[in-house]
Each structure stands twice: as C-alpha cells, then as structure tokens.
1. Going Cα to Cα from Lys28, which lysines come in below 24 Å? Please leave out same-chain ones fewer than 8 positions away.
2. For Ser215, Ser104, Ser34, give the ranking by accessible area with the largest first, probe 1.4 Å.
3. Per residue, how much accessible surface does the stretch 105-149 expose to a 1.4 Å probe? Answer in Å², no decimals.
4. Compute the whole-percent fraction of alpha carbon pairs in the stretch 83-191 spaced more than 24 Å apart.
5. Residue separation times 0.36 nm, minus the C-alpha to C-alpha distance between Asp22 and Gln165: what's the value?
6. Contour minus end-to-end for His139 and Ser88, with contour as 0.36 nm per residue of separation and end-to-end as the Cα-Cα distance?
7. With the Cα gyration tensor of the stretch 88-127 in hand, give its eigenvalues times 5 under a square root as the equivalent ellipsoid semi-axes, listed largest first in whole angstrom.
8. Could you tell me what percent of the accessible area of the stretch 7-134 is made up of carbon and sulfur, with a 1.4 Å probe and every protein chain present?
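The values are calculated or read from the model by the stated rules, or taken from the named source; none is laboratory data. Computed from a predicted model, the values in this text were never measured in an experiment. With ligands, DNA and RNA removed, areas are computed over all heavy atoms of the protein, side chains included. Shrake-Rupley method; radii C 1.70, N 1.55, O 1.52, S 1.80 Å.
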Amino acid sequence: MSALIYEYPLNEKCRNYLRLSDLLLQIKQCRSLSANGQAVALFKALLDIIELLERCDIRSDLAKDLSIEKEKLAAWAEVPGIDTAALSELEQQLADLSQQLPRSPRFGQQLREEKLLVAVRSRFAIPGGLCSFDVPQLHYWLHQPKVNQQQDIDGWLSQLQLLQQGLELQLTLWRDVGQFQPQIAHNGFFQDDAAHTHIIRVRVPADQAIYPVVSGNKYRYTVRFMPVDNHDIGNVEFELANIK
C-alpha cells in the first residue's frame with residue numbers, strides 16, 4: 001500500500017534546510033522549460049531561494065552538521081561486513097563539504113546582482129506583473145534559443161551547487177538513519193518528547209482521508225490528525241521517525 005510522508009522541522013535551522021531543498025527540487029523539475037509555465041515556476045523558486053538566503057547564512061550550520069555526521073562514521077567502521085570503500089568515500093565527501101562551506105562566498109550574493117533576476121523580482125509581487133509590458137527583459141529572454149536559456153540557468157545554479165550538495169547529503173543521511181516506528185494517535189492525537197530531535201517524519205497510508213498537523217519546539221511536539229472532510233477521527237495508526 002502506498003503511503004504519504006510528511007516532514008516537520010522542530011527548529012528554524014531545519015525549516016531553512018527543508019525549504020531550500022524543496023525549492024532546489026522545484027528548479028530541477030522545471031529547468032528544462034519543456035512546458036508552458038515552467039519558466040515562471042523556475043524564476044519563482046530561484047527568487048524564493050534568494051530571499052531565504054538573505055534572511056539566513058546557513059553555511060556554518062550546514063558545515064557543523066556535516067562535521068558531526070563525519071564523526072559518527074567512526075562507529076560504522078567497526079560494524080562487521082561494512083563496505084569500507086563506500087564508507088571512506090562518504091567520509092571524504094563530508095570532510096570536503098564541511099571545509100568548503102565556511103570558506104565559500106555567501107550563497108545568493110551574485111544572484112542578487114543579476115540584471116534579469118533583479119527585474120523579475122521587482123515585479124513578482126504584483127498580480128500579473130510578469131506581462132511583457134512589465135518586464136520586457138523577461139519577454140526577450142523567453143524567446144531566446146533554448147541553448148542560451150540553459151546556459152543562463154546553468155550559470156545561476158552553479159552558484160548554488162555547493163549548497164545543494166551539502167543539503168542533499170545532510171538530509172539523505174538524516175532520513176536514512178531515522179527509522180519508522182508504528183504508533184497510535186488516540187482520537188487522532190499523539191504527543192512525545194522532542195529532546196535532540198531536528199525533524200519528525202510521519203508516514204500515513206495514502207488511502208486514508210486524513211493529514212497530520214504538527215506543532216512543537218525543542219522540548220515536546222504534538223501530532224493531531226485532521227479529516228479531509230467532516231468525518232470523525234478515532235484512533236489512527238501511523239508510523240513515526242525522529243531525526244536526531
């Protein structure tokens with residue numbers, strides 16, 4: 001049976017991680033510009049990334065978390081049958097990224113100075129503000145050869161490559177370690193201790209017309225299941241993974 005996974009960060013750092021990761025995925029999905037509307041979606045995601053990076057500088061947090069993951073690998077080296085070559089490669093990746101991140105220029109700095117992105121950003125908040133008479137630069141760019149457009153996109157994304165590599169590796173390691181455990185939400189309500197938890201993952205069968213609403217902080221969190229329609233909710237069986 002298929003299932004839906006909901007991820008909920010319990011601190012601001014992880015909120016930024018998940019938001020940036022989701023936006024980078026959106027760009028990946030529409031960067032080919034093979035369908036109408038993908039260009040607008042790409043610019044929206046790119047500009048959202050720029051705005052997020054203006055509010056926070058995640059280089060030090062990400063470098064620190066990757067260094068912690070590298071230290072954890074020492075325990076895995078003692079496990080019988082472990083693939084030592086893969087472990088060594090992963091250790092090197094973590095070491096390289098944790099050293100490169102603090103030394104890199106602030107993410108998004110150059111993107112904020114790109115003329116086309118500046119023009120689009122200034123009109124994005126206006127309803128219908130991307131018409132050709134609002135942003136003629138964008139209208140011109142949209143009618144350039146695909147190869148020219150892809151060169152521009154590649155150039156913009158190259159400035160976020162280190163960020164993407166660090167986020168993908170960190171989130172993959174967290175998700176792989178966080179094992180799902182069966183739980184019961186009595187009358188749709190579940191509560192637990194959040195000590196040292198970064199993100200909780202809730203897995204629910206896709207055929208159930210419910211969704212979880214999570215609230216919490218670094219001490220405790222609650223999960224309340226809500227119906228899609230107005231039906232009553234009894235006890236809900238679900239799976240939960242705590243990422244620490």
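1. Hits, sequence-local ones excluded: Lys13, Lys44, Lys115, Lys146.
2. Of Ser215, Ser104, Ser34, the descending order of accessible area is Ser34, Ser215, Ser104.
3. Ligands and nucleic acids excluded, the figure is 66 Å² per residue.
4. When every Cα pair of the stretch 83-191 is considered, 55 percent fall beyond 24 Å.
5. Working it through step by step, the gained length comes to 50.1 nm.
6. 13.5 nm
7. So the three semi-axes of the stretch 88-127 are 36, 11, 7 Å.
8. For the stretch 7-134, the apolar C and S fraction of the accessible surface comes to 51 percent.
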